[in-house]
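Visitor: To start, I am sharing the structure in question, which I have written as structure tokens.
The values are calculated or read from the model by the stated rules, or taken from the named source; none is laboratory data. Computed from a predicted model, the values in this text were never measured in an experiment. When we count neighbours, we look across all protein chains shown, and the Cβ atoms used for this are built from the backbone with ideal geometry, even at glycine.
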Amino acid sequence: MSDVGLKKIHDFLWEIPANGAMRVPARIYASRKMLADITADNAHRQAANVAQLPGIVCASLAMPDIHWGYGFPIGGVAAFDIDEGIVSPGGVGYDINCGVRLMASILKRSDIENVISDLLAALFSAIPTGIGSSVGMKLARKDLESLARKGAAWAVERGMGTQEDLEFLEERGCMADAGPDAVSDRAWERGACQIGTLGSGNHFLEVGYVSDVYDERAARIMGLDADAVTLTIHCGSRGFGHQVCDDYLGVMDRAARRYNIALPDRQLACAPIRSEEGQQYLRAMRCAVNYAFANRQAIAHMARMAFSAALRRPPADIGLRTVYEVAHNIAKIENHTVDGRARRLCVHRKGATRAFAPCSGEIPQAYRSAGQPVLIPGDMGRYSYVLVGTERAMSESFGSACHGAGRRMSRQQALKNARGRDIARELAGRNVVVMAGDRRTLGEEMPDAYKDVADVVEVVVQAGLCRPVARLRPLGCIKG
Amino acid sequence: MIRGERTFIRDLVSEKSPRWENVPRMSCPGRMRLSAGAQERLASSAARPIADAWCIAGRLEDSCMDRKPPWLELLDPTADVGLRVRAPALKTLFARAAWGMFFLLTDVRAVRPVDTRTVHVEADDRAALLVKWLSELNFIHQVERRVFCRFVITEMSSRSLIAEVSGEPLTSATNVHMEIKAVTYHGLSVRRESGIWKAEVVFDV
């Protein structure tokens, strides 16, 4: 691997030693067979570029699902000293707080197998998907500002869910210090109609069941008994977050010049965390983070209603409760111990999941003996995983792990590959019912277009960043 | 619209919680295809036609990707999409880039020029102007839920552009293929080579 400058640390960790303008090394969690894809994509070079940014601590990290992104790679984790470091919208991504919620019910697989089509139809009807999907009503600016401050609690206050839901969300579904005044009129306009909507692209709703349990104690704590019916929600902050990112990329481009920050790639545009621009971005980003929390809470509530309507049972007889919710695209101020010293850091996770160890005060009381659930969805035909964070993740990766399978084919390659095939029928043959607003979406998102998530999960488990708890298999999937 | 759906939607954004009894109940048979009669009934009764979703069952064939004009190429970054456009003049280049974006978003040839509006954008340089122009159209598309098919650039300098754009509102019958989160600066270029204007732009989807 010397041709691309990668040095083996162990079978699942590779390093580009600090050289040239790099302040720290870049470290990539991957198996040997994954490295060819990663280097072909030049994603490792992006990880090395991030290592040049001011105030970066320890190393620029990449998870095994790393792939090329705008500036920062997707699957990247980078922590910056709060006094000397920078914050970058490119290190968070366009879909701020894109994330995953896992819910589990008291139903068993056999309870829904015969009505899965009805259930998907009810979910498809109740939860708008696809482009510009909206609930048909516009939120007033003052409601949106309240939502941006309160996050998921905004939805719960309106009867969409319970206080118990909030307990099981990262950050309890609300980041403090959100600043609506830092958000542009355009972002408010784009966000006005999109609460309670799934969006498009790789966003989805998936009804599944617990197919394998690897850690009985942890699974019991999370209510993931064998065969239990689950619901996974993957979506983010919609047009509101996209606009916040877009707005601040311009601001940071100017700020980087103003603060004389040398950038190896213009898309790494950033500003010192302590600067006016840095603080404004963080305040606007937190509004988008809270928007995504509220969005998933509203969707979770509508999903409960749809389950009840399809199965003709009151929600209490379905018992669909939140197991956990994680954010994938976020920057957070966190305390970590680095080289034996307590440090306050701004941790950027772009296409990466927080994976805190047992006993962390940041995770729900109920999970403190098990560790924070780490939710890793796969493609719609295979399986997804539930893992938990470890002490090793705390000491090596700022309490972070991977976030998904990652694409193997571009969208056009996938479409070419899907030509002449009936993807819905193929999936039905694998006992997975799929719905989408557009046939092309199914082609782009078909299982073969993605890597096998089991390979990604194997790396984070073998590297000691996570422990496996359970595997879920899909019964039905709605694509945005 | 199915009985109860309006109440459900209204309650969602008001102080009340939607009640599960109000969720419209879709009656779908257990297989992948609905009968023609059932599709018709559902299509006529649902605000969100479930029948549309069932249409995804079937072979993926003549993708509109095959019917693109000769001056348009699709770029192929792994997770996103991009365009390469050629034109004899700069104004045409910008108009074609906009058409190309709506070619990705919808069946642009089926969009009717029902009404026309003026769009004005400014930027620091020509490449940034292309990003601003496409971002503005994407913003109108998402916020006002409209699609466009005709783009006439009436005035243009390297830092500003005024255009007349024509299109129509989105309806439940409009086929929208994807959502563009943002028009990016990655690999962005607007240049003239051997008398031909060329532009490349990548969208985050």
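Visitor: Could you go through the stretch A:355-369 and let me know if any residue there is within 14 Å of chain B (Cβ to nearest Cβ) and under 28 Å from A:HIS242 (Cβ atoms). Break it down stepwise before answering.
Guide: Taking the stretch A:355-369 as the starting set, the residues that turn out to be within 14 Å of chain B (Cβ to nearest Cβ) are none.
No, the stretch A:355-369 has no match at all.
Visitor: Sticking with this one: Condition (residue is touching an Asp or Glu at 6+ places or on another chain (Cβ under 6 Å), buried (at least 21 other Cβ atoms within 10 Å of the Cβ) and either at pLDDT 95 or above or farther than 30 Å from B:VAL201 by Cβ (or both)) applied to the stretch A:64-82: is it met by at least one residue?
Guide: yes
Visitor: Moving to a separate point now. If only one of A:GLN365, A:GLN372 is at pLDDT 95 or above, surrounded by 24 or more Cβ atoms within 10 Å (Cβ to Cβ) and on the phi < 0 side of the Ramachandran plot, which one is it?
Guide: Details: A:GLN365 fails: surrounded by 24 or more Cβ atoms within 10 Å (Cβ to Cβ).
Unique residue meeting the criteria: A:GLN372.
Visitor: Shifting gears a bit: Just to confirm my filter: which helices (runs of 4 or more DSSP H) fall fully inside the stretch A:163-223 and include at least 1 residues that are within 14 Å of chain B (Cβ to nearest Cβ) and without any contact (Cβ under 8 Å) to a residue 12 or more places away in the chain?
Guide: Working: elements: A:163-167, A:185-191, A:216-222.
So the answer is A:163-167, A:185-191.
Visitor: Which of the residues that make up the stretch B:154-165 are β-branched (Val, Ile, Thr) and free of Cβ contacts under 8 Å to residues at least 40 places away in the same chain? Spell out the reasoning first.
Guide: At the first step, the residues of the stretch B:154-165 found to be β-branched (Val, Ile, Thr) are B:154, B:162, B:165.
Scanning the stretch B:154-165 gives a single hit, B:THR154.
Visitor: Do you know which residues across the stretch B:76-104 are within 14 Å of another protein chain (Cβ to nearest Cβ) and over 14 Å from B:LYS198 (Cα atoms)?
Guide: Selection gives B:ASP76, B:PRO77, B:THR78, B:ALA79, B:ASP80, B:VAL81, B:MET101, B:PHE102, B:PHE103, B:LEU104.
Visitor: When the stretch A:435-455 is examined, which residues are found to be more than 7 Å from chain B (Cβ to nearest Cβ), more than 18 Å from A:LYS416 (Cβ to Cβ) and not charged (D, E, K, R)?
Guide: A:VAL453, A:ALA454
Visitor: Find the residue count for the stretch B:84-116, including only residues that are more than 15 Å from B:ARG150 (Cβ to Cβ), modelled with pLDDT of 95 or more and not in a loop (DSSP other than H, G, I, E, B).
Guide: Matching residues across the stretch B:84-116 total 6.
Visitor: Okay, next question. Please work out which residue is farthest from A:PHE356 (Cα to Cα), limiting yourself to the stretch A:399-434 and to residues that are at the interface with another protein chain (Cβ under 7 Å from one of its Cβ atoms), over 26 Å from the mean Cα position of the chain (by Cα) and surrounded by fewer than 24 Cβ atoms within 10 Å (Cβ to Cβ).
Guide: Ranking the candidates gives A:GLY420 first.
Visitor: Take the stretch A:208-220 and flag every residue that is crowded, with 19+ Cβ neighbours inside 10 Å and either farther than 30 Å from A:CYS193 by Cα or in contact with a helix residue (DSSP H, G or I) (Cβ under 6 Å, 6 or more places away or on another chain) (or both).
Guide: Of the stretch A:208-220, the ones crowded, with 19+ Cβ neighbours inside 10 Å are A:208-210, A:213, A:215, A:218-219.
A:TYR209, A:VAL210, A:VAL213, A:ASP215, A:ALA218, A:ALA219, listed by residue number.
Visitor: Taking A:ALA43, is it under 17 Å from A:SER397 (Cβ atoms) and away from chain B (no Cβ under 14 Å)? Step through it out loud before you land on a result.
Guide: Numbers: under 17 Å from A:SER397 (Cβ atoms): yes; away from chain B (no Cβ under 14 Å): no.
Spelling it out, it is not the case that A:ALA43 is under 17 Å from A:SER397 (Cβ atoms) and away from chain B (no Cβ under 14 Å).
Visitor: Residues that are within 29 Å of A:LEU35 (Cβ to Cβ), touching a strand residue (DSSP E or B) at 6+ places or on another chain (Cβ under 9 Å) and in contact (Cβ under 8 Å) with a residue 24 or more places away in the chain: which helices (runs of 4 or more DSSP H) entirely in the stretch A:369-480 hold 3 or more of them? It would help to see each step written out before you state the result.
Guide: Working: elements: A:391-396, A:411-418, A:423-429, A:439-444, A:453-462.
Answer list for the stretch A:369-480: A:391-396, A:411-418, A:453-462.
Visitor: Would you be able to say whether some residue in the stretch A:128-135 is surrounded by fewer than 24 Cβ atoms within 10 Å (Cβ to Cβ) and either at pLDDT 95 or above or of a type in the set (Ser, Thr, Tyr) (or both)?
Guide: Scanning the stretch A:128-135 turns up at least one residue that is surrounded by fewer than 24 Cβ atoms within 10 Å (Cβ to Cβ) and either at pLDDT 95 or above or of a type in the set (Ser, Thr, Tyr) (or both).
Visitor: So, one more: Return the only residue of B:ARG96, B:ARG145 being more than 13 Å from the chain's Cα centre (by Cα) and surrounded by 17 or more Cβ atoms within 10 Å (Cβ to Cβ). Write out each step before concluding.
Guide: Working: B:ARG145 fails: more than 13 Å from the chain's Cα centre (by Cα).
One residue alone meets the criteria, B:ARG96.
Visitor: Give me the pairs: first residue in the stretch A:229-242 and within 30 Å of A:TYR209 (Cβ to Cβ), second residue of a type in the set (Phe, Trp, Tyr), beta-carbon distance under 6 Å, and six or more apart or on different chains, which are they?
Guide: A:VAL229/A:TYR209; A:HIS234/A:PHE204; A:SER237/A:TYR291
Visitor: While we're on this one: Within the stretch A:224-257, which residues are at positive phi and in a helix (DSSP H, G or I)? Spell out how you get there, then give the answer.
Guide: Start the filter on the stretch A:224-257 by keeping residues that are at positive phi, which leaves A:227, A:238.
The one that is at positive phi and in a helix (DSSP H, G or I): A:ARG238.
Visitor: Also, I was wondering about something else. Of all the strands (runs of 3 or more DSSP E) wholly in the stretch B:124-205, which have at least 3 residues that are within 13 Å of another protein chain (Cβ to nearest Cβ)? Show your work before the answer.
Guide: Details: elements: B:146-156, B:160-169, B:189-193, B:196-204.
Those strands (runs of 3 or more DSSP E) span B:196-204.
Visitor: Evaluate the following for A:LEU231: is it over 23 Å from A:TYR70 (Cβ atoms), within 14 Å of chain B (Cβ to nearest Cβ) and crowded, with 23+ Cβ neighbours inside 10 Å? Explain how you work it out, then say what you get.
Guide: Details: over 23 Å from A:TYR70 (Cβ atoms): yes; within 14 Å of chain B (Cβ to nearest Cβ): no; crowded, with 23+ Cβ neighbours inside 10 Å: yes.
No.
This table checks each residue for (1) over 15 Å from B:TRP99 (Cα atoms); (2) in contact with an Asp or Glu (Cβ under 9 Å, 6 or more places away or on another chain); (3) in contact (Cβ under 8 Å) with a residue 40 or more places away in the chain.
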site	(1), (2), (3)
B:GLY167	no, yes, yes
B:THR174	yes, yes, yes
B:HIS177	no, yes, yes
B:ILE180	no, yes, yes
B:TYR185	yes, yes, yes
B:VAL190	yes, yes, yes
B:GLU193	yes, no, no
B:TRP197	yes, no, yes
B:VAL205	yes, yes, yes
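Visitor: Identify, from the list A:ARG109, A:ARG172, the residue that is under 20 Å from the mean Cα position of the chain (by Cα) and basic (Lys, Arg). Please lay out each step first, then the result.
Guide: On the way: A:ARG109 fails: under 20 Å from the mean Cα position of the chain (by Cα).
Result: A:ARG172 is the single residue among A:ARG109, A:ARG172 that is under 20 Å from the mean Cα position of the chain (by Cα) and basic (Lys, Arg).
Visitor: Please find, within the stretch A:276-327, the residue that is nearest to the other protein chains (Cβ to nearest Cβ) out of those that are at pLDDT 95 or above and assigned to a loop (DSSP other than H, G, I, E, B).
Guide: A:ILE318
Visitor: Only one of (1) among the charged types (D, E, K, R); (2) within 8 Å of another protein chain (Cβ to nearest Cβ); (3) over 30 Å from A:ALA470 (Cα atoms) is not met by A:ASP118, so which one is it?
Guide: Unmet condition: (3).
To keep it simple, each residue is scored yes or no on (1) in contact (Cβ under 8 Å) with a residue 24 or more places away in the chain; (2) surrounded by fewer than 24 Cβ atoms within 10 Å (Cβ to Cβ); (3) closer than 24 Å to A:SER400 by Cβ.
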| position | (1), (2), (3) |
| --- | --- |
| A:LEU311 | yes, yes, no |
| A:ILE318 | yes, yes, no |
| A:THR322 | yes, no, yes |
| A:VAL326 | yes, no, yes |
| A:HIS336 | yes, yes, yes |
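Visitor: Would you please name the residue that is farthest from the chain's Cα centre (by Cα), looking only at residues in the stretch A:44-67 that are aliphatic (A, V, I, L, M) and either over 20 Å from A:VAL87 (Cα atoms) or in a strand (DSSP E or B) (or both)?
Guide: First pass over the stretch A:44-67, keeping only residues aliphatic (A, V, I, L, M): A:47-48, A:50-51, A:53, A:56-57, A:59, A:61-63, A:66.
From the residues that got through so far, the ones that are either over 20 Å from A:VAL87 (Cα atoms) or in a strand (DSSP E or B) (or both) too are A:56, A:61-63, A:66.
Numbers: A:ILE56: 22, A:LEU61: 17, A:ALA62: 15, A:MET63: 13, A:ILE66: 13 Å.
Among those residues, the one meeting the criterion is A:ILE56.
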